[in-house]
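The structure appears right after this line, and notes come after that.
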Amino acid sequence: MLNDDTRVVLLTLLAQTGFSLGLAGLVAIWSPVAGFSALLGGMAVVVPNAFLAARLLTPRDESARALMRSAWLGEIGKLVLTAVMFGAIFAWVRPLSVPAVFAGFIGAQGMLLGVLLLTGGPGPATREELKNG
């Protein structure tokens, strides 16, 4: 059984992926270039967020120091991956619709807020969780 935090993280990644695919499919009806560009923008959110999720959800030493280290490395990795993906998209993908890339990126980022609003987000830590970690 998934705990509440894991469930919210996986739902967020699923929502971001679904949004990216849906937007790309919808936009591709009018312009295949814009559809592919929107998909790339969405994936520039999903891939780095999946990296961060993997860092945070991987079992490790349960100390607060280990959790903070993992969170910092995950967030730095997420930012670097996002920058690298945007660099690769803008350097190598031709033809490209820049507004569609950013629409996919912003829309996929917005899915985080949507999931948190719909699920209520991860629950507060219990006294036992705070004491143990």
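The values are calculated or read from the model by the stated rules, or taken from the named source; none is laboratory data. Bear in mind the structure is a predicted one, so any value in this text is a computation, not a measurement. All Cβ positions, glycine included, derive from the backbone under ideal geometry; neighbour counts span all protein chains shown.
May I ask you to say which residue of Ala91, Ala50 is hydrophobic (A, V, I, L, M, F, W, C), in a helix (DSSP H, G or I) and closer than 20 Å to Gly110 by Cα?
Numbers: Ala91 fails: closer than 20 Å to Gly110 by Cα.
Matching residue, one of Ala91, Ala50: Ala50.
List pairs: first residue in segment 73-100 and farther than 21 Å from Val27 by Cα and surrounded by 12 or more Cβ atoms within 10 Å (Cβ to Cβ), second residue polar (S, T, N, Q) and at pLDDT 95 or above anywhere in the structure, Cβ distance under 7 angstrom, at least six positions apart or on different chains.
Lys78/Asn49
Between a residue in segment 54-68 that is within 23 Å of Leu11 (Cβ to Cβ) and any residue that is surrounded by fewer than 11 Cβ atoms within 10 Å (Cβ to Cβ) and of a type in the set (Gly, Ala, Ser), which pairs come within a Cβ distance under 9 Å, given they are 6 or more apart or on different chains?
Hits for this filter: zero, empty list.
Which one is nearest to Val46 (Cα to Cα) among residues in segment 56-74 that are modelled with pLDDT of 85 or more and among the small types (Gly, Ala, Ser)? Quick ask: steps written out before the conclusion?
Of the residues in segment 56-74, the ones modelled with pLDDT of 85 or more are 56-57, 65, 68-74.
Okay, now just the ones that are also among the small types (Gly, Ala, Ser), so 70-71, 74.
Working: Ser70: 19, Ala71: 17, Gly74: 14 Å.
Looking at residues that are modelled with pLDDT of 85 or more and among the small types (Gly, Ala, Ser), I get Gly74.
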